[in-house]
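Comments concern the structure below.
Values in this text are rule-based calculations from the coordinates and carry no lab data. Keep in mind that what you see is a predicted model, and the values were worked out from it rather than measured. In this analysis, Cβ positions are derived from the backbone assuming ideal geometry, glycine residues included, and neighbour counts consider all displayed protein chains.
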Amino acid sequence: MDMKATIREIVSRVDRIAAEFQIASLGRQISACKALQGEEACVDVVVIGQFKSGKSSFLNSLVGRDVLPVGVIPVTTAITRLQYGEEDKAAVVNPDASSLDITLADVASYTSEAENPSNQKGIAAVDVFLPSIKRYAGLRLIDTPGLGSVFAVHRDISHGILPEIGAAVLAVSSDRPLAEGDLSLLREMRRHTPRIVLLLTKVDLIDTEQREQMVDFFRKTLRRELGSEFPIFFYSDRQDTENHRLRLDCELLVPLVSNKASAREHILVHKTRHLAQSCLDYLRIALKASEAHLHGREELLDRVIDEKLNGELLRQELTAITRDHASKTRVNIVRQLEKFRPSVEKSVLDRLNRDLPSWSGNLWRLSRKFEGWIEEQMTTEMRELSELEHPHFYGPLNQARLSLERALRSFRALLEGNVERVLGIRLSKSDCSISVSEPARPDIHVGHLFDIQIDLLWFLIPMTIFRGLIEQRFRREIPSAVETNLSRLASQWDSCINEAIEGMRKEAVSYIEQEIRTIEAMLSKPYDEAGIIRNAIEELETLMQAINTKEKSS
């Protein structure tokens, strides 16, 4: 069995075990491993680090143009993915995976903190395609919001991308020491990729001797804290920039491109190994419980699933989170739509002035004509506005996702702590991400708007005398019609988005319930299943050994 076949077998076996034991937390890892098995999968190179560590400046230098916003305060608010394309173009990717084409000049309006504070627009990412980086074809260079800023949402966004990374560049500014946050990030990144390098930025601020001292300090710290060493590169946008870029090209990026298949396989092996280890952790919990006496299993269960992991309290917390964000949805939508009220009113009024001269008949006929006309105009305007602006309605949806994921990570940390304290088994870190389903698009419809009783007396009103007054009445109805239908549109989208938020809450609740059920099920395994569990453990360990042997011989 070759390496690819062995990897497929491990992923398939873990997939079956996860289904059998309802191990929900392995789902995203399994999906990431399956995705990387595709022949055309890109290798994502993520640039990550504390805020103001020079990530965006470095990437701008790498691609040879100022695509990403930079500044003296935390700037990047959303993930930006740079990749080769035959022409300059960009697209905003929404949480529902839909996209909106934009120009390169518009990128900053979605990715900068100044124009999209805390990602209020709720986008998932911005994809930028550049012909100038053909040498990196097959890679995606990913800029992330800075960690450690005052914006908690930035940390959540940056951590959320880690399961998909192929290679990672940890940017550390030379004007500050290696922080505990950097070490924690390195520990987490090691679970997802073997390709990690440190990028020491702003090296123009220190002289050669200080640079050597800092590198020596970094290496000693990494060996002591992590038992590992990582390649260290330098970068400055003021001094020796081209040489710094060439070294990174030669030693990291170009080899990834030229050996894309083997690099992808190496990364896949790493992810598969971690996936199998996570699965083994769960199986060992089950084995330990199955070997305990009945009373012992019940005691273990009570100590692991303690009062802090009370399902009902956790559900209440998740409900409170979703209600808070759902309460902001309509306000956000109304704020977005209100910007368009003057232009919609003017557009409809201009069309009315254009069409009115062609209308004929008595008052009753004109009234019916206007009713049908205004309904058609409002339906068209609301549909166009909905299609154009709906990506900007997703802010509360994305914020709710981040808050729910934060709650799930807290739950998972408590669970891991209890398992290690009670059973002596350290669970591998888990993916606690929430999927965002596309909100259902509302069926745009308008209400009956024009209710004038005077047209019942049409036979008493000579149009040659009063036509001008009637036309003025029609014109005065337009602002009210626009206001009513903007409010109706906001209500329709509010319902759709809040339904999606509720769906995420249910997913979060399901994750917690499944995790608790999984632990309960494994801690309740009877003695006669111990053999089955041992066989599963031995099978996975044998497959892992096969991977290790193939790696050493290659």
>> Using Cβ contacts closer than 10 Å as the measure, can you line up Arg211, Arg224 from fewest to most?
In response: Arg224, Arg211
> Which three semi-axes in whole Å describe the equivalent ellipsoid of the chain, each the square root of 5 times a Cα gyration tensor eigenvalue, listed largest first?
Replying inline: 53, 33, 20
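Longer than 23 Å from Cα to Cα, which of Lys328/Lys506; Lys89/Lys260; Lys4/Lys288; Lys121/Lys346; Lys55/Lys271; Lys4/Lys271 are they? Say none if no pair is.
Details: Lys328/Lys506 19 Å; Lys89/Lys260 25 Å; Lys4/Lys288 32 Å; Lys121/Lys346 26 Å; Lys55/Lys271 25 Å; Lys4/Lys271 13 Å.
Pairs exceeding the cut-off: Lys89/Lys260; Lys4/Lys288; Lys121/Lys346; Lys55/Lys271.
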>> Give me Cys279, Cys250 sorted ascending by neighbouring Cβ count inside 10 Å, so fewest comes first.
In response: Cys250, Cys279
>> Can you tell me what share of the DSSP beta bridges in the chain is antiparallel? A percent to the nearest 5 is fine.
In response: 35
> Exposure proxy check: His244, His266 ranked by fewest other beta carbons within 10 Å?
Replying inline: His266, His244
